[in-house]
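Asks: Dumping the structure here so I can ask a few things about it.
The values are calculated or read from the model by the stated rules, or taken from the named source; none is laboratory data. Note that the structure is predicted; figures quoted are calculated from it, not measured. Quick reminder, even Gly has a Cβ in these numbers, built from the backbone with ideal geometry, and neighbours come from all protein chains shown. To get the accessible areas, we keep the full protein, side chains included, count just its heavy atoms, and leave off ligands, DNA and RNA. Shrake-Rupley method; radii C 1.70, N 1.55, O 1.52, S 1.80 Å.
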Amino acid sequence: MNSTALAEEAKKEKKKISLSFIQPSGNITLGNYLGALSNWVKIQDSGEFDCLYAVADLHALTVRHDPSELRKLIYQALATLLGCGIDPEKSIVFLQSHVHQHAELGWILDCYTMFGELSRMTQFKDKSAKYADNINAGLFTYPSLMAADILLYQTDVVPVGQDQKQHIEIARDIATRFNGLYGNTFKIPEPYITKSSAKIASLVDPTKKMSKSDTNANAIITVLDTDDQIIKKFKRAVTDSGSEVKMGEGKDGINNLIGIYSAVTDMTTEEVERQFEGKGYGDFKLACGEVVADRIRPIRERILDYMNNKDYLERVAQRGAEQASRLAQRTMDKVFKKVGLVAKPRG
Ligand code: TYM
């Protein structure tokens, strides 16, 4: 094979990039697992992608926090990625703050992101209503840092839940604007969202999404809940006054439970409805609790093991940061050149 053919071959073998992050802003929930993490693992195990998965610890600073609690949640989030099946031998796993290029590109992209488009972000509007006494600049420019996370690695797909779609759209807009000004610099990423688990709802108020920061423990299933807690929470899950296990308009509670059951068992929602024909809500809630407890149990046990092995977690984070930083620097070099900054002295 001559050198051109070899180069062609190498190009063909270059895999697509999958990247996604999670904030260490509370105990990771069944919503995070079904909407995002379980897809991260599927994509990793397909062998078709080079994967980068990280803990978005810089993003977590946008909300007031207790420093020692945050540090604990960062280790816990890392342990959760591994416990859910992210394998540091197959994927690059790291903490966002350990790769300095994120903050650097975040600042540069701030200068290519418009006040108007940031003002339209629904997450900004929701969070500024929720944390009215702390509407800080980081909360406002959150999407440009997230765009930097994605664009640094020339990402092809971003596996996320529905609530992050708007942030991926703005990352695409920022990349397109930058490419338009300076020529091709960033790959334009695509969201990867699975319909059935894109928006897992709260068990107490099924019109709201299940969220790590919910203060009502009954509203959320976390990956650290015991079997008993999981089953109890499902038994108490809010549903309407009907009894038939069937999806329907205005039946948010039962729709959510059918969605969860179908995501965990890999059945279609029609198959779930058929399986529970003639059964009432009580039987179905118990069955939901049981399948979720079965799925979470081994994950919880692995997370607790990893949390007891801080040295290992630190080694994983260090290696991941080195690998990620090397890749990120390639994009940073390009960006420095394009915008007219002077290349940094090496070594
Ligand atoms: P975060 O930490 O809020 O959520 C992590 C992932 O879980 C998904 N998710 C859900 N999916 C279904 N149902 C739910 N109830 C549910 N709740 C959360 C989220 O969509 C997300 O995929 N801004 C991001 C973190 C981030 C990021 C990135 C993501 C920072 N940089 C770069 C992708 C790429 C966030 O706060 O996710």
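Asks: Collect residues whose amide H, placed 1.01 Å from N in the peptide plane, falls under 5 Å from the amide H of LYS209; neighbours closer than 5 in sequence don't count.
Replies: HN-HN under 5 Å from LYS209: SER202.
Asks: Could you check the simple spin-label distance between GLU244 and ARG315, using points 7 Å along Cα→Cβ, in nm with one decimal?
Replies: If labels sit at GLU244 and ARG315, their model points lie 5.8 nm apart.
Asks: Moving on to the next point. With axes computed from alpha carbons, what is the tilt in degrees of helix 281-307 against the longest principal axis of the chain, rounded to the nearest 10 within 0 to 90?
Replies: That helix lies at roughly 40 degrees to the long axis.
Asks: Show that you can apply the helix-only estimate: for the chain, add -39,500 (n - 2.57) for every DSSP H stretch of four or more residues, divide by all residues, and state [θ] at 222 nm to the nearest 500.
Replies: Values: 14 runs with 186 residues, N = 347.
Calculated from helices alone, the mean residue ellipticity at 222 nm is -17000 deg cm²/dmol.
Asks: Once you charge only the Cβ atoms, +1 for Lys and Arg and -1 for Asp and Glu, what is the size of the charge dipole of segment 217-305 about its Cα centre, to the nearest 20 debye? Walk me through the numbers before you get to the answer.
Replies: Working: 13 positive and 17 negative charges, 60 e Å.
Value, rounded to 20: 300 debye.
Asks: Here's something else I'd like to know. About the Cα centre of the chain, how large is the charge dipole given +1 on each Lys and Arg Cβ and -1 on each Asp and Glu Cβ? Please answer in debye to the nearest 20. Could the numbers behind the result be given before it?
Replies: Numbers: 46 positive and 45 negative charges, 180 e Å.
It comes to approximately 860 debye.
Asks: Gain in length, GLU89 to ILE188, computed as 0.36 nm per residue apart minus the alpha-carbon separation, to one decimal in nm?
Replies: On the way: separation 99, 0.36 × 99 = 35.64 nm, distance 2.69 nm.
Roughly 33.0 nm would be gained on extension.
Asks: Using alpha carbons only, how many degrees (0 to 90, rounded to 10) separate the axis of helix 3-13 from the longest principal axis of the chain?
Replies: Around 20 degrees separate the two axes.
Asks: Could you work out what % of the accessible surface of the chain is carbon and sulfur, using a 1.4 angstrom probe and leaving DNA, RNA and ligands out of the count?
Replies: On the way: 8830 of 17160 Å².
C and S atoms contribute 51 percent here.
Asks: Now a separate question. Skipping prolines and chain starts, which residues have an amide H placed within reach, meaning under 5 Å, of the one on TYR192, given they are 5 or more residues away or on another chain?
Replies: Residues meeting the criterion, in which the H sits 1.01 Å from N, are VAL158, VAL160.
Asks: Where only protein heavy atoms count, and the probe is 1.4 Å, what is the accessible area per residue for the chain in Å²? Show your work: numbers first, answer last.
Replies: On the way: 17160 Å² over 347 residues.
I get 49 Å² per residue for the chain.
Asks: Using a 1.4 angstrom probe and counting only protein chains, how large is the accessible area of PHE115 in Å², to 10?
Replies: Here the residue's solvent-accessible area equals roughly 150 Å².
Asks: Which order, highest average first, do 89-95, 164-170 follow once you tally other Cβ atoms within 10 Å for each residue and take the mean per peptide?
Replies: In decreasing order of mean packing, 89-95, 164-170 become 89-95, 164-170.
Asks: To the nearest 10 degrees, how steeply does helix 137-151 sit against the main Cα axis of the chain, on a 0 to 90 scale?
Replies: For 137-151 against the chain, the angle is about 70 degrees.
Asks: Given a 1.4 Å probe and the protein chains all in place, what does the accessible area of MET307 round to, in Å² to the nearest 10?
Replies: Per-residue accessible area (MET307): approximately 70 Å².
Asks: With a 1.4 Å probe and all protein chains in place, put VAL335, VAL291 in order of accessible area, largest first.
Replies: Working: VAL335 0, VAL291 35 Å².
Largest to smallest exposure gives the sequence VAL291, VAL335.
Asks: Follow-up. Which stretch or stretches of segment 109-144 have amide N atoms under 11 Å from the point lying 7 Å from ARG64's Cα along the Cα→Cβ direction?
Replies: The answer is 131-135, whose backbone nitrogens lie closer than 11 Å to the label point.
Asks: Count neighbours as other Cβ atoms within 10 Å of each site's Cβ, and list the trypsin sites (Lys or Arg not before Pro) in segment 287-347 that are DSSP loop with at most 14 such neighbours.
Replies: On the way: sites: ARG295, ARG300, ARG302, LYS310, ARG315, ARG319, ARG326, ARG330, LYS334, LYS337, LYS338, ARG346; in loops: ARG346.
Sparse-neighbourhood loop trypsin sites (Lys or Arg not before Pro): ARG346.
Asks: Remind me, what semi-axes does the chain give for its equivalent ellipsoid, largest first in whole Å, using sqrt of 5 times each Cα gyration tensor eigenvalue? Working shown, then result.
Replies: On the way: eigenvalues 272, 102, 85 Å².
Sorted largest first and rounded, they come to 37, 23, 21 Å.
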